[in-house]
1. Kindly identify the chain as rounded, prolate or oblate by the Cα gyration tensor criterion: order the square roots of the eigenvalues as a ≥ b ≥ c, call it rounded if a/c is under 1.5, otherwise compare a/b with b/c, prolate if a/b is larger, else oblate.
2. Taking only protein heavy atoms and a 1.4 Å probe, what accessible area per residue, in Å², does the stretch 40-155 have with all protein chains in place?
3. Taking all protein chains in place and a 1.4 Å probe, what share, in percent, of the accessible surface of the chain do carbon and sulfur account for?
4. Please list Asp122, Asp244 from largest to smallest accessible area, probe radius 1.4 Å, with all protein chains kept in place.
5. If you take the beta carbon distance between Val116 and Lys51 as r and set R0 to 41 Å, what does 1/(1 + (r/R0)^6) give as a FRET efficiency, to the nearest 0.05?
6. Give, in nm to one decimal, the length gained when the segment between Leu168 and Lys90 is fully stretched (0.36 nm per residue of separation minus the Cα-Cα distance).
7. Nearest 500 deg cm²/dmol is fine: what mean residue ellipticity at 222 nm does the chain get from its DSSP H runs of n ≥ 4 alone, each adding -39,500 (n - 2.57), divided by its residue count?
8. Testing the spin-label approximation: label points 7 Å from Cα along Cα→Cβ at Ser157 and Ser36. State their distance in nm.
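The values are calculated or read from the model by the stated rules, or taken from the named source; none is laboratory data. The model shown is predicted, which means the values in this text are computed figures rather than measured ones. A quick note on method: Cβ atoms are made from the backbone with ideal geometry, for glycine too, and the neighbour counts reach across all protein chains shown. Areas reflect the complete protein model, heavy atoms only, side chains present, ligands, DNA and RNA absent. Shrake-Rupley method; radii C 1.70, N 1.55, O 1.52, S 1.80 Å.
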Amino acid sequence: MATHTSEPKEQNPSTQNKPVAYNRSQIILYLIWTFSIAYVIQAGVALLYSKGQIAIGQMLMSLMMFVPMLGVALSGNNLADIGWKPQIRKNFKFILIAWFSPAILTAIGAALYYLVFPGHFDLSGNYLIQAAGSEALETLKEQGISYPRYVLLASFSCITYAPLINMLFALGEEAGWRGFLYPQLKAGHGRKNGLLFGGIIWGMWHWPLIWLIGYEYGSEYFGYPVTGMLLFCIITIALGVFCDWLYERSGSIWLPALFHGAFNAAATIPLTMCKVDIGSARLLGPPPNGLIAGLPLIVAALVLLLRG
């Protein structure tokens, strides 16, 4: 990290902690590529959703996660020195944090949300019906799987293999955000401002989806879509702090990718236990991108930010 050198060298022997030469023109070129390609893809996703081709649209969103990595290459920057070795033995403690802390933070946040809105807790299977149709719930019944058991199986996957699968897609974003953009922003604006600006940029990168298809929050909430856009930036700031902390400590781009993948896996679980069509309450939870359910993540990120 370029402007923060107080960490002991033995904790941060990684390549990204070498001095970074701030280059404003490179950042602008990177953002032009990364945003223009992603926004075109998101317009395509919205078109697919409008035609009912949701599965294809979701596949396209998954592929979009590689755009930040592509943006680094297209803007003429180097991906070679961002820490491709996982260094498992050295980073074992941080691997555990990256793997399991998203599930823990998500569970605490969901518990807070359901304490405030106990009437929203629902294990009837209506969420699955809305997401995949009534046939999906019938298929579970034919297989002898009750909906509560389905939720337990999904929860088990989010702390076992799902983070690893999601990590492969999250790597595309992490190589761009944490590997290139965040070091540049921290070099030019200082650590705290760099993390703040990086999180806002990361959130804005998702804005067309929030507006066009109700990404993350639906469309039946107060101030749609602006409140959802602003709230999502708060969450991406917090996520960015956590991912950057793991990157700094581990020296490996795989660690923030693992955290990112684990977060994406865990974030869907609280929704499987929630009533559908909760309106503006969706801005509060129950997934960790809501204001109440996201409090554990936000507080943890604030502690990391203030501790440096």
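1. Since a/c reaches 1.5 and a/b is larger than b/c, the shape of the chain is classed as prolate.
2. Ligands and nucleic acids excluded, the figure is 59 Å² per residue.
3. Accessible surface attributable to carbon and sulfur in the chain totals 68 percent.
4. Reading off the accessible areas and sorting them downward yields Asp122, Asp244.
5. 0.60
6. 26.0 nm
7. Helix-only estimate at 222 nm: -20500 deg cm²/dmol.
8. 3.8
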